[in-house]
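Structure first, commentary second.
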């Protein structure tokens, strides 16, 4: 079974980031979060077993969601920090990748 990896970059949207992560967390094996923000205290929702957190300086902005892409071993999906994803989003995206023999970006 292929690993399901979701990646997100966020700046100044802690409230919406939490809702986004809640909507996607149970759909994947790993959530990589690049927090492009200097905060004094990490919210509890970022301290979960599947979440890998990187705090950045925002020098690359949203492009930080591609951090460690070359070291990934599975389906690498990028998402936005201000959207709520449907319960079947990850599986739907992967099924469409497979539909095209993993040769197209969906």
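The values are calculated or read from the model by the stated rules, or taken from the named source; none is laboratory data. Owing to the predicted nature of the structure, the values given are computational and were not obtained by experimental measurement. No Cβ is skipped: glycine too gets one built from the backbone with ideal geometry, and neighbour counts run over all protein chains shown.
Numbers for the structure displayed
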item: Counted residues, the range 39-57 - those being touching a strand residue (DSSP E or B) at 6+ places or on another chain (Cβ under 6 Å) and not in a loop (DSSP other than H, G, I, E, B); result: 6
item: Condition check for residue 3: exposed (fewer than 13 other Cβ atoms within 10 Å of the Cβ), touching a residue at least 60 places away in the same chain (Cβ under 8 Å) and under 14 Å from the mean Cα position of the chain (by Cα); result: yes
item: The range 56-67: number of residues that are surrounded by fewer than 15 Cβ atoms within 10 Å (Cβ to Cβ) and either more than 14 Å from the chain's Cα centre (by Cα) or in contact (Cβ under 8 Å) with a residue 60 or more places away in the chain (or both); result: 4
item: Residues (part of a loop (DSSP other than H, G, I, E, B) and either buried (at least 19 other Cβ atoms within 10 Å of the Cβ) or touching a strand residue (DSSP E or B) at 6+ places or on another chain (Cβ under 8 Å) (or both)) located in the range 12-38; result: 28, 29, 36, 37, 38
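Per-residue answers, yes or no, for (1) modelled with pLDDT under 95; (2) closer than 20 Å to residue 17 by Cβ:
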| position | (1), (2) |
| --- | --- |
| 41 | yes, yes |
| 47 | yes, yes |
| 50 | no, yes |
| 66 | yes, yes |
| 74 | yes, no |
| 81 | yes, yes |
| 85 | no, yes |
| 90 | no, yes |
| 101 | yes, no |
